[in-house]
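Trainee: One structure coming up, written as structure tokens, with questions to follow.
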Amino acid sequence: MSTRSFLRFALNGAIHEVTGSDASMMLADWLRKRLYLTGTKIVCAEGDCGACTVLRAVPGTGRSRELRFEPINACITMLAQVDGAHLVSVEALRHDSSLSPIQEAMVQKHGSQCGYCTPGFVMALCGLFEKCKEKPDVQTVKNHLTGNLCRCTGYTPIVEAALSIDPETVPALGERFVTTPLIKALKETQSQAIDITAPQGRILAPVRLSDVSTLLKKYPEASLLASGTDLGVQLNKGKRELGDIISLHLIPELYQSTQKGSVYHFGAKVSLEEVRRRCAKGIPEFSTLLDVFASPQIKNSGTLVGNIANASPIGDTLPFLLVADARVAIAKKTGKRELPMTELFQGYRKLALKPGEWISSVSFRAPQKSEYLRLYKAATRKDLDISSVGAAFLFDLKPNRKDGRLVIQAARLALGGVAAIPLRMTRVEAFLKDKILDHDLVETAQAMLQEDITPLSDLRGSSAYRRILVQGFFQQYCDEIMQSREVQHAAFHS
Ligand SMILES: Cc1cc2nc3c(=O)[nH]c(=O)nc-3n(C[C@H](O)[C@H](O)[C@H](O)COP(=O)(O)OP(=O)(O)OC[C@H]3O[C@@H](n4cnc5c(N)ncnc54)[C@H](O)[C@@H]3O)c2cc1C
Ligand code: FES
Ligand code: FES
């Protein structure tokens, strides 16, 4: 198996190779410090403001020239993550010495004042017009710009600029920048593993799934790199030393995203945006939750498995996965084992993984017709914010033969942000089983829920506030069922 000691990617239509210590740089730093492409700004360096937005298309996730360019945050993207990818930075948008239609609209509508955020907005809009071939409406534009902050304009001129653009006038980036020789040059390296020695540590990227465990055994302190939206922030903020890195980006199996019947399966490199898209029809509640997960830039990059492996008690996807009977595939040196999500979290940010083990995929199922699922997230602001409390509630309902009142055949309840790990509320679930859903039952279950949680007070909310949120979410859920004819109808006809 051949190994290479360089990263290779395309930027604005030209191939670049990076070796040695540069290979451990963040993309935004590399663009600014090595190529002097200072249009990509760095403001927060933690994925929050979008000033560093560039576009990335990854071969293998689209078809040759139909590659989809998506916005990502260059400040928290390690260069290893763009190995094999096509990138476009703001400098390349001008064409034949004219501004692009997006830049021109920003000028015409006064979408820029101090200008510091402007390249980021332009690139984010570029990403929107890459996928949106018809004029977007106001809400689509606003949703797409949740990852970009501006201190000067008040946003209205930027939104007006976006609305004034005729999508047909925006050139497709693939046609401008992706050529057959470029694709060939990138493909050539896809089957070559990476081993780069940099002063900060080794950068390794195997091409075979089985090699990850071997490397983890050899370099036990190494960090696995899925997409780095957690890791990149920790590195930038000095909360973690770089050390050895094992990147998963060259392993084809990890990009698998499938749905067979009601069962969904996502490999460790599948982005949250792909999960959001795939679940939109079959599990709309989960897809809607992902609408308010971070920003488009983060979702285009960050992975579902990364959210699990990060093991934060407030990871947004975890309460849902806990009630959706999710199972993770744990890869080891020889073969793999499966573990229910309920057994994965062992303590604060501690997973039930042995040395050399890692998570290669996650599977879960959509609710059945008789199962009523609701997901809740409370955060200080709606977009781009981490939860104070997250909740997932699922009752399997059936009407009582005698009087038609609803019986809870089974309950699955999960909470995030109320203990050191995301919790399944098993004692309350057992209590609710086979009981008729009424106000007295809800009151007793509420009291039990409060007994079983131990929320902390921190900057996202006091313990008392978190307790009130849990109570409010559960009340809302039960009231919705008891008051909704639709739910009752579904239970009768399931
Ligand atoms: C601006 C911003 C907003 C965010 N908003 C949200 C939000 O709204 N909700 C939320 O829940 N999170 C949020 N996050 C956190 C983050 O985006 C998610 O946790 C994301 O899912 C992480 O995925 P990743 O692929 O980037 O993981 P990485 O950063 O690559 O990895 C995360 C951790 O898991 C380990 N790891 C990665 N893959 C594996 C594997 N296969 N097996 C074992 N270990 C592994 C890594 O070593 C690392 O310690 C936000 C982050 C940022 C920067
Ligand atoms: S600099 Fe703020 S998101 Fe990158
Ligand atoms: S124009 Fe100044 S920050 Fe947006």
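The values are calculated or read from the model by the stated rules, or taken from the named source; none is laboratory data. Computed from a prediction, not measured in an experiment: that's the story for all the values here. Here the Cβ is made from the backbone with ideal geometry for all residues, glycine too, and neighbour counts use every protein chain on show.
Trainee: So if I check each of Thr53, Thr3, which one is under 19 Å from the mean Cα position of the chain (by Cα) and either modelled with pLDDT of 95 or more or surrounded by fewer than 18 Cβ atoms within 10 Å (Cβ to Cβ) (or both)?
Mentor: Only one candidate qualifies: Thr53.
Trainee: I'd like to check something: does region 283-296 contain any residue that is touching a Gly at 6+ places or on another chain (Cβ under 9 Å) and in a helix (DSSP H, G or I)?
Mentor: Within region 283-296, one or more residues are touching a Gly at 6+ places or on another chain (Cβ under 9 Å) and in a helix (DSSP H, G or I).
Trainee: Across region 448-466, which residue is farthest from Leu432 (Cα to Cα) among those that are in contact with a strand residue (DSSP E or B) (Cβ under 9 Å, 6 or more places away or on another chain) and in a helix (DSSP H, G or I)?
Mentor: Tyr465
Trainee: Look at region 93-103 and say how many of its residues are more than 15 Å from ligand 3 (Cβ to nearest atom), touching a helix residue (DSSP H, G or I) at 6+ places or on another chain (Cβ under 9 Å) and free of Cβ contacts under 8 Å to residues at least 24 places away in the same chain.
Mentor: Initially, region 93-103 is screened for residues more than 15 Å from ligand 3 (Cβ to nearest atom), giving 93-102.
From the residues that got through so far, the ones that are touching a helix residue (DSSP H, G or I) at 6+ places or on another chain (Cβ under 9 Å) too are 93-95, 98-102.
If we keep only those that are free of Cβ contacts under 8 Å to residues at least 24 places away in the same chain as well, we get 94, 98-99.
Residues meeting the conditions: 3.
Trainee: Okay, moving on. Which one of Ala51, Ala23, Ala80 is of a type in the set (Gly, Ala, Ser), in contact (Cβ under 8 Å) with a residue 12 or more places away in the chain and assigned to a loop (DSSP other than H, G, I, E, B)?
Mentor: Ala51
Trainee: Looking only at region 67-119, filter to residues that are out of contact with any His (no Cβ under 7 Å at 6 or more places or on another chain), farther than 17 Å from Pro171 by Cβ and polar (S, T, N, Q); which one of those is nearest to ligand 2 (Cβ to nearest atom)?
Mentor: By that ranking, first place goes to Asn73.
Trainee: Just one of (1) surrounded by 21 or more Cβ atoms within 10 Å (Cβ to Cβ); (2) within 16 Å of ligand 1 (Cβ to nearest atom) trips up Val122, so point out which.
Mentor: So the condition that Val122 fails would be (2).
Trainee: Let me ask you something else. Can you tell me how many residues within region 21-43 are touching a Ser or Thr at 6+ places or on another chain (Cβ under 8 Å) and more than 19 Å from Leu93 (Cβ to Cβ)?
Mentor: 1
Trainee: Something else: Exactly one condition in (1) crowded, with 20+ Cβ neighbours inside 10 Å; (2) in the same structural domain as Ser24 (by TED's automatic domain parsing) is false for Phe129; which is it?
Mentor: That leaves (2) as the condition not met.
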